[in-house]
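Student: Mind having a look at this structure? Questions to follow.
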Number of protein chains: 2
Amino acid sequence: MIYFVFLQAFTLANIAIFIPTVVFMAKELTSRGENYSQWYNDIVIKADLAENSAVRGCMVIKPYGYAIWEKMHDALDKMFKETGHQNAYFPLFIPKSFLSREAEHVEGFAKECAVVTHHRLKVAPDGNGVVVDPDAKLEEELIVRPTSETIIWNTYKNWITSYRDLPILINQWANVVRWEMRTRLFLRTAEFLWQEGHTAHATSAEAVAETEKMVNVYAKFARDFMALPVVVGHKSESERFAGAVDTLCIEAMMQDGKALQAGTSHFLGQNFAKAFDVQFSSKEGTLEYVWATSWGVSTRLMGALIMAHSDDNGLVLPPKLAPIHVVMVPIYKSAEEREAILAKMDQIKAECEKEGLTVKIDDRDNLRPGFKFAEWELKGVPARVAIGPRDLAAGMAEVARRDTLTKQTLPEDGLAAHLKALMDEIQENIYRKALDFRAEHTVKVDTWEEFKEKIEQGYFLLCHWDGTGETEARIQEETKATIRCIPMDSFVCEEEGKCVYSGKPSHRRVIFAKAY
Amino acid sequence: MIYFVFLQAFTLANIAIFIPTVVFMAKELTSRGENYSQWYNDIVIKADLAENSAVRGCMVIKPYGYAIWEKMHDALDKMFKETGHQNAYFPLFIPKSFLSREAEHVEGFAKECAVVTHHRLKVAPDGNGVVVDPDAKLEEELIVRPTSETIIWNTYKNWITSYRDLPILINQWANVVRWEMRTRLFLRTAEFLWQEGHTAHATSAEAVAETEKMVNVYAKFARDFMALPVVVGHKSESERFAGAVDTLCIEAMMQDGKALQAGTSHFLGQNFAKAFDVQFSSKEGTLEYVWATSWGVSTRLMGALIMAHSDDNGLVLPPKLAPIHVVMVPIYKSAEEREAILAKMDQIKAECEKEGLTVKIDDRDNLRPGFKFAEWELKGVPARVAIGPRDLAAGMAEVARRDTLTKQTLPEDGLAAHLKALMDEIQENIYRKALDFRAEHTVKVDTWEEFKEKIEQGYFLLCHWDGTGETEARIQEETKATIRCIPMDSFVCEEEGKCVYSGKPSHRRVIFAKAY
């Protein structure tokens, strides 16, 4: 600790703008207290995660943001394969008539979709630029997929004749388009990346089991990789997926107390099988409609990740999704010092890589250490190692944790093993912090007065509800709160009571919250 | 060998339709000699790789085909990252006006593109289905990306101000759409999956070096993973990418002697930087336009893979891209035998997995071994292991190689290590076979008579060409042959001679062939 104080003094004396730089960088980021929404946008932009493109509502996912998404992709893909699913790819386009086959589905998606009407451009009559060629009008318009149930069930029709063809357990990684009017980077964009599982089963029970299995895969992924505690539950009828019999979801709490739906898993019953006439001959020789599920998570998870853990200094990444685990910043005056410190860092880096850590040595020579510290803090790298000439001589290194913003001076001997263990500790700590935050911001509410008060303060409200869409709609109208889910956890929620709004009898509590 | 004969007899006696099934299955596949084009389609469909969808020209990539593409993806992605590239994601849509910015680019892509003109559907006036809502017409039409140079360079404009921002080395994995009139599964589809690298550099030399580096990455991938020998060369002016200064390519020979362009790498000069006004201040303080490259391979590689190696029994996969390395088929009469053999197979499978092999035990009990043999042959699994009761008793197993269709009876002890080594042998053998085939079907041709004769027989023709587009066009008109590339290999090609068509002087040979 004495050593640390000394290093700071040394730094201050020799690299003049060290402290001012940090202050300057930190100031660029709006604080959560000041403007939560702007704080989120600032992090997305300044941590180089994504930006708006020239196309309305479509984002560019920048390399650093995409690297996090790739980590999510790889972890989820492994979990899907471990649960028996295979990947496949279906067309980007859906014939317009397919959408209309399932009545609720078309109602849900027709209002916000990109419609392809022509297949050619031609030189403009005035020779200036190009125009749509009216002779190249499509006979039937094509919709850019907002989700793929219709095109996939039209395909499954040809794949399924007997119970021996079932189950079909397929996942697709794809881009989809929903023409949202108000968009926000990652949270709601016209185009987004996602995965959509589409499974076909011989029995209702099997499809229901699959629906539950996959929502639990999502919950496990959220907990183990995103360090994000989620509530697993059923959606109320009004919040169900268009065409589903039942929608299960995971709901996470953000730092403003609002809920974010992070993944959904739908039991589709026989709706799509009937719409596309997909029947199979059962073991007993009868002809039956196939039972279906679909489930998906998207780049929206990036938004959840950012909002759940980050602080006023920037992004805080759980190590399991961090593209860089450890950043090393050399502190030097002379070229000799630089060379000696970088050589030592190369050695530590090699040791860390043996432990499975990804390490970046920030050897840029046109930037001050303080600037680098702030930049990597902003980017949420879990641990930072700084070594100056005196550290080098003493065989020590300064290790800073992004999650707690604390520092420790440690012997370089055994540093790789320490950092490896530190990653687990940070992962656990971030999760614990989010769990505690949620616990502090979840209350049982039994009066309408308290409901109105607490909902404004940013809470998950565990309330009795009379089960009617009418009450649900009125509550939303008066408070903007919606039923996030009817939690599966019967221990907490199953009890007799009275609806917080109507006073009618209720058998279980549900979660109301404002939501993204 | 004696043992093997005995096993066959045993099989014949006890599983009546063993041989007939094989014959039946093999007959389903059109042979190469009979109809090469139909043979290709048959393999794609019957090996469950892909199928046509309800949307014209768009394919469904089925799980087995997609698993091969995933192997390609993973290997290429690793190579891109090892050469310093990062992944990112840009919008699916390109504003119409962007396409017009680069004159040759719009000329190349405007004629075959999907145009989004509206963003909403509404219930049809007659209440029957949905129609495009005329009130939801876009101010500017959006093109579904046929390639992303324009949207990416419009983005790079905001990322680049100084030489310190360069190089930018980005790759994107994405779907693209080109409204091709005649489509074929994998080879030419309206929508296809690909990767597109887009790099930005401070100097022309650096961009040229990148263009060459990436075409060599493709050549190495083709050789090491696809077991596919390719010729690396320059395209002639008429075959260049729309907007490129120079296009490098890899060209592979298919079993009908036709060429397939398997990947391209473009030096774009400053064309896109000028079209989108992307300038940077150099080290010397001057303002310069940025130099660009782009490079891509697509699901077309699947077509190349299939056509290069497969035979009249079906797909032949190089082990490095095979989703399943070894399939095990138990041969039994009684439930006891089945159980004992499957237990042994589980054990061998575990040993194989330790060697890094992917193994499938085909324990379906409603199918004959012969049917299974033919099915896995059709699907190109590199090795098959069959064990019957007598093998089990003797501690032996029958190993069949897909590439040579030969069988060997081997002790089960050490089998995993043998199979591991066999994979390398098969990979090498498939490559060698393709290389020999190409050597046998490549000739130096110096007379126009011989040119016309050999081009009909399916050869790569190494000819002198006078370097004019006129001669090139005439040759194509008369023979359908095109210049596949001007090979980089100066040893073979640089020599003085006379154009095979015009008789004018020429300084090097180029490759003419018919092409996919």
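All of the numbers you see were taken from the coordinates with simple rules; none came from a lab. As the structure is a computational prediction, the values presented were derived from the model and not from experiment. Cβ sites come from the backbone with ideal geometry, for glycine too, and all protein chains shown count toward neighbours.
Student: Could you point to the residue in B:301, B:373, B:358 farthest towards the positive end of the range B:281-413's charge dipole, with +1 and -1 charges on the Cβ of Lys/Arg and Asp/Glu respectively?
Tutor: It is B:301.
Student: If you don't mind, there's one more thing I want to ask. Treating the point 7 Å from Cα along Cα-beta-carbon as the label, what are the nm separations from residue A:31 to the other copies, to one decimal?
Tutor: Copy-to-copy label distances at residue A:31, shortest first: 8.2 nm.
Student: Evaluate peptide B:127-137: per residue, the Cβ atoms of other protein chains within 10 Å of its Cβ; return the mean as an integer. Present the calculation step by step, with values, prior to reporting the outcome.
Tutor: Working: counts 0, 1, 7, 12, 4, 6, 3, 0, 0, 5, 2.
Whole-number average of other-chain Cβ neighbours for B:127-137 is 4.
Student: If r is the Cβ-Cβ distance from residue A:390 to residue B:417 and R0 is 51 Å, what FRET efficiency results, to the nearest 0.05?
Tutor: On the way: r = 54 Å, r/R0 = 1.05.
The formula returns an efficiency of 0.40 here.
Student: Can you give the FRET efficiency to the nearest 0.05 for residue A:358 and residue B:73, using r as the Cβ-Cβ distance and R₀ = 25 Å? The partial results should precede the final answer.
Tutor: Values: r = 21 Å, r/R0 = 0.82.
It comes out at approximately 0.75.
Student: How do A:82, A:102 rank when sorted from fewest to most other Cβ atoms within 10 Å of their own Cβ? Intermediate values should be presented prior to the final figure.
Tutor: Numbers: A:82 9, A:102 22.
The most exposed by this proxy come first: A:82, A:102.
Student: Here is a follow-up. Give a residue-ordered list of calculated ³J(HN,Hα) values for the range A:150-157 (Karplus: 6.51 cos²θ - 1.76 cosθ + 1.60, θ = phi - 60°; whole Hz; x for Gly, Pro).
Tutor: With the stated coefficients, the range A:150-157 comes to 5, 5, 6, 5, 5, 6, 4, 3 Hz.
Student: Quick check: from the Cα gyration tensor, does the protein assembly as shown come out rounded (a/c under 1.5), prolate or oblate?
Tutor: Details: a/c = 1.40, a/b = 1.18, b/c = 1.19.
Here the protein assembly as shown falls in the rounded category.
Student: For the range B:277-382, just list the percent of Cα-Cα distances falling in each 10 Å bin from zero outward, please.
Tutor: 12, 28, 22, 11, 8, 9, 6, 3, 0
Student: For chain B, what relative contact order do you get, as a whole percent, if you take Cα pairs closer than 8 Å and at least 6 residues apart? Kindly include the intermediate steps, with their values, before the conclusion.
Tutor: Numbers: 1014 pairs, mean separation 74.9, N = 516.
Relative contact order of chain B: 15 percent.
Student: Sort A:170, B:160 so that the residue with the fewest other Cβ atoms within 10 Å of its own Cβ comes first and the one with the most comes last.
Tutor: Details: A:170 24, B:160 21.
Listing A:170, B:160 from fewest to most nearby Cβ atoms yields B:160, A:170.
Student: What is the packing order of peptides B:117-123, A:196-202, taking the mean over residues of other C-beta atoms within 10 Å and listing the highest first? Provide the component values of the computation, followed by the final result.
Tutor: Details: B:117-123: 19.3, A:196-202: 24.0.
Ranking the peptides B:117-123, A:196-202 by packing returns A:196-202, B:117-123.
Student: Given only helices, namely DSSP H runs of n ≥ 4 each adding -39500 (n - 2.57), what is the per-residue ellipticity at 222 nm of the protein assembly as shown, to the nearest 500 deg cm²/dmol? List each step's numbers first, then the result.
Tutor: On the way: 34 runs with 401 residues, N = 1032.
It comes out at -12000 deg cm²/dmol, rounded to the nearest 500.
Student: What is the percent of Cα-Cα separations in chain B that go past 41 Å?
Tutor: Working: 43521 of 132870 pairs.
Of the Cα pairs, 33 percent sit more than 41 Å apart.
Student: Shortest first and in nm with one decimal, please list how far the residue A:505 label point sits from its counterparts in the other copies (point 7 Å along Cα→Cβ).
Tutor: 10.5
Student: Moving on to the next point. Can you give me the Cα centroid spacing of the range B:290-357 and the range A:265-327 in angstrom?
Tutor: Computed from Cα coordinates, the inter-centre distance equals 28 Å.
Student: To the nearest 20 Debye, how big is the dipole of the range B:442-513 about its Cα centre, given +1 on the beta carbon of each Lys and Arg and -1 on that of each Asp and Glu? Can you show the working numbers first?
Tutor: Numbers: 10 positive and 14 negative charges, 23 e Å.
My answer is approximately 100 debye.
Student: When Cβ neighbours within 10 Å are restricted to other protein chains, what is their mean count per residue of peptide A:91-100? If you can, show how the numbers build up before the last one.
Tutor: Numbers: counts 15, 10, 11, 3, 4, 5, 3, 2, 3, 6.
Partner Cβ neighbours, averaged per residue: 6.
Student: Over the Cα atoms of the range B:442-513, compute the convex hull volume and normalise it per residue, giving Å³.
Tutor: On the way: hull volume 5.2 nm³, N = 72.
Cα convex hull per residue, to the nearest whole number: 72 Å³.
Student: Can you return the aspartates and glutamates within cross-link range of residue B:96? Criterion is Cα-Cα under 14 Å, with same-chain partners fewer than 8 residues away left out.
Tutor: Hits, sequence-local ones excluded: A:133, B:107, B:112, B:139, B:140, B:141, B:149.
Student: Enumerate the calculated ³J(HN,Hα) couplings along the range B:361-372 in order (Karplus 6.51 cos²θ - 1.76 cosθ + 1.60, θ = phi - 60°), each rounded to whole Hz, writing x wherever the residue is Gly or Pro.
Tutor: So the Karplus estimates, Gly and Pro as x, are 9, 8, 9, 4, 9, 9, 10, 6, x, x, 5, 5 Hz.
Student: Residue by residue through the range B:269-278, which ³J(HN,Hα) values in whole Hz follow from phi under the Karplus form 6.51 cos²θ - 1.76 cosθ + 1.60 (θ = phi - 60°), with glycine and proline marked x?
Tutor: Coupling constants for the range B:269-278: x, 10, 4, 6, 4, 6, 4, 10, 6, 9 Hz.
Student: Relative to the longest principal axis of the C-alpha atoms of chain B, give the angle of the C-alpha long axis of helix B:335-354, reported between 0 and 90° and rounded to the nearest 10°.
Tutor: So the inclination is approximately 40 degrees.
Student: Okay, next question. Under a point spin-label approximation (7 Å from Cα along Cα-to-Cβ), what is the residue A:48-residue B:182 distance to one decimal in nm?
Tutor: Here the answer is 4.8 nm between the modelled labels.
Student: Right, next: If you place +1 on the Cβ of every Lys and Arg and -1 on the Cβ of every Asp and Glu, how big does the dipole about the Cα centre of chain B come out, in debye to the nearest 20? Walk me through the intermediate numbers first.
Tutor: Values: 61 positive and 74 negative charges, 113 e Å.
Charge dipole of chain B: 540 debye, to the nearest 20.
Student: Right, another one. Put a label point 7 Å from Cα along the Cβ direction on residue B:491, then list its distances to the equivalent points in the other copies in nm, shortest first.
Tutor: Inter-copy label distances (nm, one decimal, shortest first): 7.2.
Student: Here is a follow-up. Taking 0.36 nm per intervening residue step and subtracting the Cα-Cα distance, what contour gain separates residue B:478 from residue B:435 on full extension? Display every interim value, and only then the final one.
Tutor: Working: separation 43, 0.36 × 43 = 15.48 nm, distance 2.90 nm.
This chain segment gains 12.6 nm when fully extended.
Student: Are there any chymotrypsin sites (Phe, Trp or Tyr not before Pro) in the range B:369-406 that are in a DSSP loop and have at most 15 other Cβ atoms within 10 Å? List them by number. Write down the numbers at each step before the final one.
Tutor: Working: sites: B:371, B:373, B:376; in loops: none.
When the chymotrypsin sites (Phe, Trp or Tyr not before Pro) of the range B:369-406 are filtered for loop state and at most 15 Cβ neighbours within 10 Å, nothing remains.
Student: Could you work out, residue by residue across A:246-259, how many beta carbons of other chains sit within 10 Å of that residue's beta carbon, and then give the average as an integer? Please list the in-between numbers first.
Tutor: Details: counts 0, 0, 0, 0, 0, 0, 0, 0, 0, 0, 0, 0, 0, 0.
Average per residue, whole number: 0.
Student: Further, regarding this structure: Of the listed pairs B:333/B:372; B:46/B:372; B:454/B:480; B:71/B:514; A:420/B:81; B:71/B:220, which have alpha-carbon separations greater than 18 Å here? Intermediate values should be presented prior to the final figure.
Tutor: Numbers: B:333/B:372 16 Å; B:46/B:372 14 Å; B:454/B:480 13 Å; B:71/B:514 29 Å; A:420/B:81 24 Å; B:71/B:220 15 Å.
Check vs 18 Å cut-off fails for B:71/B:514; A:420/B:81.
Student: How do A:315, B:29 line up, fewest other C-beta atoms within 10 Å first? List each step's numbers first, then the result.
Tutor: Working: A:315 27, B:29 24.
In increasing order of surrounding Cβ atoms, one gets B:29, A:315.
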